[in-house]
1. Is at least one residue of segment A:259-276 within 14 Å of another protein chain (Cβ to nearest Cβ) and farther than 26 Å from residue A:307 by Cβ?
2. So which of B:32, B:39, B:90 is outside the structural domain of residue B:308 (by TED's automatic domain parsing), over 28 Å from residue B:167 (Cα atoms) and at pLDDT 85 or above?
3. Considering segment A:132-184 alone, what residues qualify as being modelled with pLDDT under 95 and part of a loop (DSSP other than H, G, I, E, B)?
4. Considering B:70, B:26, which residue is outside any strand (DSSP E or B), within 28 Å of the chain's Cα centre (by Cα) and farther than 26 Å from residue B:167 by Cα?
5. Does residue A:322 satisfy the criteria of being more than 26 Å from residue A:151 (Cα to Cα) and at pLDDT below 95?
6. Among the residues of segment B:151-171, write down those that are out of contact with any helix residue (DSSP H, G or I) (no Cβ under 9 Å at 6 or more places or on another chain) and touching a residue at least 24 places away in the same chain (Cβ under 8 Å).
7. Conditions first: (1) in a loop (DSSP other than H, G, I, E, B); (2) surrounded by 22 or more Cβ atoms within 10 Å (Cβ to Cβ); (3) within 14 Å of chain B (Cβ to nearest Cβ). Residue A:328 passes all but one, so which condition is the exception?
């Protein structure tokens, strides 16, 4: 295996799928001539030309709708939002059209489309541009929602997303684009199916469920806890819809405790959903209430010191693990 | 008008009962015959149904407490009714009972009063009672890991406690609010074995409350051995013919998917023998002797916490197939503790079989007021001498414990001889 950055892994996924299937095209703001706002699409315009790598005006509702229409008539668009915050003006297209057409046409039409882009806080982009949007989209039947944490998962899941015959919300992370990680060698094709959680770290004392940016915070916290003798099992669901609870429940039955760590707000969303399912499916195995470490319940402040407090921290994760372990 | 509801006597022999669970909660509407609570009596868990209509205004005793019959457990009345006076009455009766207890115990008039009660939640609650309206002192909830009378523990701990039969009231909780958590239950169960193996500190016995079934067994068997002059007769039988008969019957029954056991045949044989020697089918009742007109065989069944004796009615007149079916059905319900009082009382003769454990012979304790009990051993394959030659034999030993007050040695011996004739020549059952 080789090491790639998260953005390079995503680019390879798009490049391979565009080479494999000429119906696949990329559309969004600055994806072409500027080589991508975060350089994810770097080089794709030169390789595939303007018919398949299309720069759009700042009009998310419009190009999301064009993408949905193109998908309905047989193309396989990848729609890039410069950030998921801007998807809000295209919300109606995603919810009312992309997620519904297949059902409303009694199966006559399909919408094989991927909406992708960076999600969540970046660094000091303040309240309007720091949304972790998973709770909004994960509650919609008719959508798949992926949120890969590692380069390998990013590539394998994006390839599966592009080949999906139904709309996929693909949540990346601005702060993750530079993260390096192992990815299968060139020529080795890996498709990661939706609905398969990944056990990232083994441990017998506490189960941590986490995804996205806090995945790395939780892994670091787990190392510190291990130094004190508490071994955490860290599980990344990778797709939030469908959600694979199997390994999570199996793990909680062994560890008897669970902490869910995520960036999105605490009210509802996949974090609360996971807690609900754990308490129902592993009730007789829980030795402590399931805890969550979340983004705090406030609009994101601009000040860096405050932003750092709002996002899940190692300290808060360690405290939560200790609480469910009744340590100290 | 509101009234105090006492714990009813749910069976003729019930002296006390454990209030296992309430089916209603305070504020619930109650109709006549509604299930109020489940009560564990000396042998079964029984339904406690309401004789009254109204609203359950107050629950006076928590779940898990053992009480004498008639002790107040609840107040039922109209919604919103003032019950302070009734509550005061209940409380003062409790206090009075505690004070009056020593006197009541020595008074001859105490015959009508139940024995002194002891609630099983904690030693502090025992409230010896002399009058029907007496109650134990209000339950104190100071047991470790409990709050407001309820044990606080994690779901995992509750499951482990169920699996390991640990009474959580005896476990100290170390979590928030005294919650019992995994490490508490593990340190509770674990170190006992580990430390005593190391030969270090000598640990005191683990104290558990005896179940009401265990206490009933203790009381009745002590009474039996202390008041009945037991003597024992053992007879050794050739079990070959009966085994062969069973094999032949089972071959017949195979098509219907049915089976009879050797024990079923022994029940039948014992019942038929009782018809032939009816003096054994009797009860000594002080100044009278009751010769039973029916042959009802009590069959001892081992259950988780002790022993039960479901009764096969008219075993002398029933077919062996029917006996087999009844035994299987009753034993199954005995293990689930779903037998009614009627189904396990008023037998006229008992059979206890420990053959399946390889026991060759043993003596059993008479189940009063029956006059005898037959203890059945295992089948022994051994050489026997028959007409001067050694041949392979199948033998079984039966030991009958008899009440010498009504069954003299010769009578008992005549019974066993009649029984042996049937066992060794099963066709005899048909005569």
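The values are calculated or read from the model by the stated rules, or taken from the named source; none is laboratory data. What you see is a predicted model; the values in this text were computed from it and never measured. Here Cβ is always computed from backbone atoms with ideal geometry, including for glycine, and neighbour counts include all displayed protein chains.
1. Checked segment A:259-276: no residue is within 14 Å of another protein chain (Cβ to nearest Cβ) and farther than 26 Å from residue A:307 by Cβ.
2. Details: B:39 fails: over 28 Å from residue B:167 (Cα atoms); B:90 fails: at pLDDT 85 or above.
B:32 is the lone residue from the list that is outside the structural domain of residue B:308 (by TED's automatic domain parsing), over 28 Å from residue B:167 (Cα atoms) and at pLDDT 85 or above.
3. A:173
4. Details: B:26 fails: within 28 Å of the chain's Cα centre (by Cα).
Sole residue among the options that is outside any strand (DSSP E or B), within 28 Å of the chain's Cα centre (by Cα) and farther than 26 Å from residue B:167 by Cα: B:70.
5. Details: more than 26 Å from residue A:151 (Cα to Cα): yes; at pLDDT below 95: no.
No: the conditions fail for residue A:322.
6. B:169
7. Checking residue A:328 against (1) in a loop (DSSP other than H, G, I, E, B); (2) surrounded by 22 or more Cβ atoms within 10 Å (Cβ to Cβ); (3) within 14 Å of chain B (Cβ to nearest Cβ), the one that fails is (2).
The rows are residues; the columns are (1) outside any helix (DSSP H, G or I); (2) buried (at least 20 other Cβ atoms within 10 Å of the Cβ); (3) under 22 Å from the mean Cα position of the chain (by Cα).
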site: B:314; (1), (2), (3): yes, no, no
site: B:321; (1), (2), (3): no, no, no
site: B:332; (1), (2), (3): no, no, yes
site: B:364; (1), (2), (3): yes, yes, yes
site: B:374; (1), (2), (3): yes, yes, yes
site: B:414; (1), (2), (3): no, no, no
site: B:420; (1), (2), (3): no, no, no
site: B:429; (1), (2), (3): no, no, no
